[in-house]
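Visitor: Please read through the structure below; I'll follow up with questions.
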Amino acid sequence: MIPMKVCAIFLVLYGLLAACTETHDAKKPTQEKQTIQQSEKEKEIADPIEAITKLQPNELTGSEIKKREQDIELLNRTKKLTKYRYPPMSRCGGTLEGYYSGNELILINSAFGGELGSETSQKIYWQNHQPIKILYQENWVDMEKYNKKYPNENEFDETKMMYTDTLYSIELGKTWKFRKSAGQKTISTVIDSSLVNYLINCAFSMKEELETNKKIVK
């Protein structure tokens, strides 16, 4: 017969062991989640690098890129391009339209709508199947300005919303050029590598989407 004191000690030890096991098991989902998140983050970092390898170097000057942009806009205005739409939503561009000269994609327009009227848009000029200029526009809800102007409102009034108006102009020629502006004011000319890599990646992604599924717009 086991003495009562020994039984009590055994029960205490058993309880501690169970508590440790439960704590260890409880940590498992968190550890697994962290591993998954880390893998996804590593993939996000890798994607732009893969896209950059698709971008072929060129010897285009700023004036040559400008001329190409003007030529494409003229062809578009005079209805000499064939317009296609990507029926689903683009993974990174939202509503997606591609403009072709013959079988060659030379212009992409895309727009992504967000909450409370926020929107981002891209216009991408192409030459020899490569993006040479990207115009990326951000129109985000400016909550700081809204709250300063209407500090006593409990609910948002969309008709009173104010928006940021930020334009990124990126030239991908012999020398890369970057300009971030708001209105007529230049905010920065220092290349934002993360943003540029993302936009190049997105450009090639949208090109591939149009190649796999596009519908002519008449």
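The values are calculated or read from the model by the stated rules, or taken from the named source; none is laboratory data. Here the structure is a predicted model, which means the values were calculated and not measured. Note that we place each Cβ from the backbone using ideal geometry, even for glycine, and neighbour counts take in every protein chain shown.
Visitor: Here are some conditions: (1) at pLDDT below 95; (2) loosely packed, with under 10 Cβ neighbours inside 10 Å. A51 meets all but one. Which one does it not meet?
Guide: (2)
Each row is one residue, and each column tells you yes or no for (1) in contact (Cβ under 8 Å) with a residue 40 or more places away in the chain; (2) within 16 Å of T120 (Cβ to Cβ).
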| residue | (1), (2) |
| --- | --- |
| F178 | no, no |
| A182 | no, yes |
| N197 | yes, no |
| L210 | yes, no |
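Visitor: For the subset of segment 156-171 comprising residues that are among the aromatic types (F, W, Y) and under 19 Å from G183 (Cα atoms), which member is modelled with the highest pLDDT? Talk me through it step by step, then tell me what you get.
Guide: As a first pass, look at segment 156-171 and keep what is among the aromatic types (F, W, Y): 156, 163, 168.
Still in the list and also under 19 Å from G183 (Cα atoms): 163, 168.
Details: Y163: 63, Y168: 97.
Checking each candidate, the answer is Y168.
So that you can scan it fast, the table gives a plain yes or no per residue for (1) assigned to a strand (DSSP E or B); (2) crowded, with 17+ Cβ neighbours inside 10 Å; (3) hydrophobic (A, V, I, L, M, F, W, C):
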site	(1), (2), (3)
K177	yes, no, no
T186	yes, no, no
V190	no, no, yes
N197	no, yes, no
F204	no, yes, yes
E208	no, no, no
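Visitor: So, of the residues in segment 58-98 that are under 26 Å from E138 (Cβ atoms) and free of Cβ contacts under 8 Å to residues at least 24 places away in the same chain, which turns out to be surrounded by the fewest Cβ atoms within 10 Å (Cβ to Cβ)?
Guide: R77
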